[in-house]
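Derivation of every value follows stated rules applied to the coordinates shown; laboratory data play no part. Keep in mind it's a predicted model, so treat the numbers as computed, not measured. Ideal geometry is used to build each Cβ from the backbone, glycine not excepted, and the neighbour counts take in all protein chains shown.
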Amino acid sequence: MARKKQNNDLPTFDELIVPTVKALLSLGGSGTVEEINNKVYEIATIPENILQIPHGEEGTTNEVDYRLAWSRTYLKKFGLLENSARGIWALSKADIDINKLDPTEIKRTVREQARSIEKKIITISNKQVEEDIEGEVQNTEDWKDKLLNILYQITPAAFERLAQRILRESGFFQVEVTGKSGDGGIDGKGIVRVSGFLSFHVIFQCKRYKGSVSPSQIRDFRGAMQGRADKGLIITTGRFTREAIKEATRDGAPPIDLIDGELLCDKLKELKLGISVQMTESIEIKNDWFNNL
């Protein structure tokens, strides 16, 4: 791929191809991008310091996740993966023999496919092929980078109001923004009702920054919510470290749900809050239909 390795321990996208397939197999054949990526981290034993390497200067996506997007794209073009409009990736074949997967062969095949248009071979360099594929990968992430950059610039109070609106649109009621100083980082509270019967009191915290949320921050928030709510929720424009994710779901401790920058973007798109999705209409006239009148 066009981007050079910045660290000897940073895996290339083709080195992540087999772990991606293994991850999907262990997930039962399908999964969200987050589920797949987290499983790849475990399978490929990628250390935390490598996962903190940002992609590009803004760092809205880490480099490993960016390369994993390349891996999924190559696997899709090779015919081993498919993805739905709901963001679920799945194996297109149930009988994949992991021992027969050859990343070099996958790269070669995909590049040859990119050189062929309407069965006519066009001379094109590997660099051009990679740029075409990079464009396909980048287009899926560009809007999220732009959205997160906007969220970084709004005031903390505005971000808290945005969180309040998201929760209301998602079915919460009695959602209040408190934002009291010295309140242990609690920014608001609300109630969510499940199936019209069970109600859970939730308190939430908003973190509008580019960095990663650490396990100590999860513990501090849990301490603040102790005895005050059934569940906790942290919404950030940044990311959560693997240890923070483990701490949030630790056995015997009050559960805390996590919404990182990527999931926040997806939720805003789903709810159409500040985002308009334009669909292009394609009209095809069927001459045969009229000829058969």
(Q) Residue by residue through region 250-256, what is 3J(HN,Hα) from phi via Karplus (6.51 cos²θ - 1.76 cosθ + 1.60, θ = phi - 60°)? Round to whole Hz and write x for glycine and proline. (A) 4, 4, x, 10, x, x, 10
Q.
Just to confirm a number: summing +1 for Lys and Arg and -1 for Asp and Glu over residues other than THR45 whose beta-carbon lies under 14 angstrom from that of THR45, what do you get?
A. -1
Q. Taking the mean number of other Cβ atoms within 10 Å as a proxy for protection, how do you rank 189-197, 103-111 from highest to lowest?
A. 103-111, 189-197
Q) Between region 64-93 and region 27-48, what is the C-alpha centre distance in whole Å? A) 13 Å
Q) Can you work out ³J(HN,Hα) from phi for every residue in region 47-52, in order, using Karplus 6.51 cos²θ - 1.76 cosθ + 1.60 and θ = phi - 60°, giving whole Hz and x for Gly and Pro? A) x, 4, 5, 6, 5, 8
Q: Take every Cα-Cα distance within region 204-284, group them into 10 Å bins from 0 onward, and report for each bin the whole-number percent of pairs it holds.
A: 17, 42, 23, 10, 6, 2, 0
Q) What is the set of long-range amide H partners of LEU81 at a cut-off below 5 Å, with H atoms built 1.01 Å from backbone N? A) LYS76, SER92
Q: Check region 156-271 and count each lysine pair with an alpha-carbon distance under 18 angstrom, considering only pairs eight or more places apart or from different chains.
A: 7
(Q) Checking the a/c ratio against 1.5 first, then a/b against b/c, what shape does the Cα gyration tensor give for region 178-248? (A) prolate
Q) Got a sec to turn the phi values of region 216-227 into Karplus ³J(HN,Hα) couplings, 6.51 cos²θ - 1.76 cosθ + 1.60 with θ = phi - 60°, whole Hz, x for Gly and Pro? A) 5, 5, 5, 5, 4, 5, 4, x, 6, 8, 3, x
Q: Mind putting a number on the dipole of region 156-271 about its Cα centre? Charges go on the C-beta only, +1 for Lys and Arg and -1 for Asp and Glu, and I need it in Debye to the nearest 20.
A: 120 debye
Q. Near the amide H of VAL213, under 5 Å away, which other amide H atoms are found, from residues 5 or more places off or on another chain, if H is placed in the peptide plane?
A. ARG239, PHE240, THR241
Q: Rank by packing, highest mean first: peptides 251-261, 267-277, 65-75, with packing defined as the count of other Cβ atoms within 10 Å averaged across residues.
A: 65-75, 251-261, 267-277
